[in-house]
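Engineer: One structure follows; several queries about it will come next.
The values are calculated or read from the model by the stated rules, or taken from the named source; none is laboratory data. Since the model is a prediction, treat every value here as computed from it, not as a measurement. Neighbour counts are summed over all protein chains in view; Cβ atoms, including those assigned to glycine, are modelled from backbone coordinates with ideal geometry.
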Amino acid sequence: MTSDFLSVLRKLAKTDYYQSMYASAKELGLQLFDNSTDLTKVQLWFLSYMSMYNSINMDIALGEISDRVLENEVYEDAYMVYKKKQFTKDMKTHKQQNAVAPEKGSPSSSWVFKRAKQTP
């Protein structure tokens, strides 16, 4: 596949029409393609791009980033790399915080599961 072909897929996936279709498919369970199994590589790339643009648009809507990210593909790719690294960093921090034993005197909770006594 040529890079021009992938560029066309990106441009299509970025359009409002396909973003609406993707969101509707996610929310309502609509089928985007005639085939629902054994997707082709082209279909998988297209879904991947639609997912990427959906994520970027969601972050723009939440005010986490500016719509300037959508000005060119380099910004889009750079943002997705940054987002992935930030997510990984946040997950490591979260795991480290949860791995630390609670301090004495701090409230802690635990679940106790008991089997109900059987009556003869």
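Engineer: Which pairs turn up if I take residues in segment 1-24 that are closer than 18 Å to Thr40 by Cβ and look for partners that are assigned to a loop (DSSP other than H, G, I, E, B) with beta carbon separation below 8 Å, at least 6 apart in sequence or on another chain?
Structural biologist: Met21/Leu30; Met21/Leu32; Tyr22/Leu32
Engineer: So which pairs qualify, if the first residue must be in segment 32-53 and touching a residue at least 12 places away in the same chain (Cβ under 8 Å) and among the polar types (S, T, N, Q), the second must be assigned to a helix (DSSP H, G or I) and crowded, with 16+ Cβ neighbours inside 10 Å, the Cβ gap must be under 9 Å, and the two must be at least 6 apart or on different chains?
Structural biologist: Ser51/Ala13; Ser51/Tyr22
Engineer: Tell me, yes or no, whether segment 80-99 has at least one residue that is of a type in the set (Val, Ile, Thr) and outside any helix (DSSP H, G or I).
Structural biologist: So the first thing to find is which residues in segment 80-99 are of a type in the set (Val, Ile, Thr), and the list is 81, 88, 93.
From what's left, outside any helix (DSSP H, G or I): none.
Looking through segment 80-99, none of the residues is of a type in the set (Val, Ile, Thr) and outside any helix (DSSP H, G or I).
Engineer: Return a yes/no flag: does segment 1-11 have any residue that is modelled with pLDDT of 90 or more, outside any helix (DSSP H, G or I), surrounded by 10 or more Cβ atoms within 10 Å (Cβ to Cβ) and out of contact with any Ser or Thr (no Cβ under 9 Å at 6 or more places or on another chain).
Structural biologist: Within segment 1-11 (the criterion being modelled with pLDDT of 90 or more, outside any helix (DSSP H, G or I), surrounded by 10 or more Cβ atoms within 10 Å (Cβ to Cβ) and out of contact with any Ser or Thr (no Cβ under 9 Å at 6 or more places or on another chain)), the answer is no, since none of the residues qualifies.
Engineer: Quick one: in segment 20-32, of everything that is touching a helix residue (DSSP H, G or I) at 6+ places or on another chain (Cβ under 6 Å) and surrounded by 12 or more Cβ atoms within 10 Å (Cβ to Cβ), which residue is modelled with the highest pLDDT? Explain how you work it out, then say what you get.
Structural biologist: Filtering segment 20-32 for residues touching a helix residue (DSSP H, G or I) at 6+ places or on another chain (Cβ under 6 Å) gives 22, 30, 32.
Within this subset, residues satisfying the condition of being surrounded by 12 or more Cβ atoms within 10 Å (Cβ to Cβ) are 22, 32.
On the way: Tyr22: 94, Leu32: 89.
Per the criteria, the residue is Tyr22.
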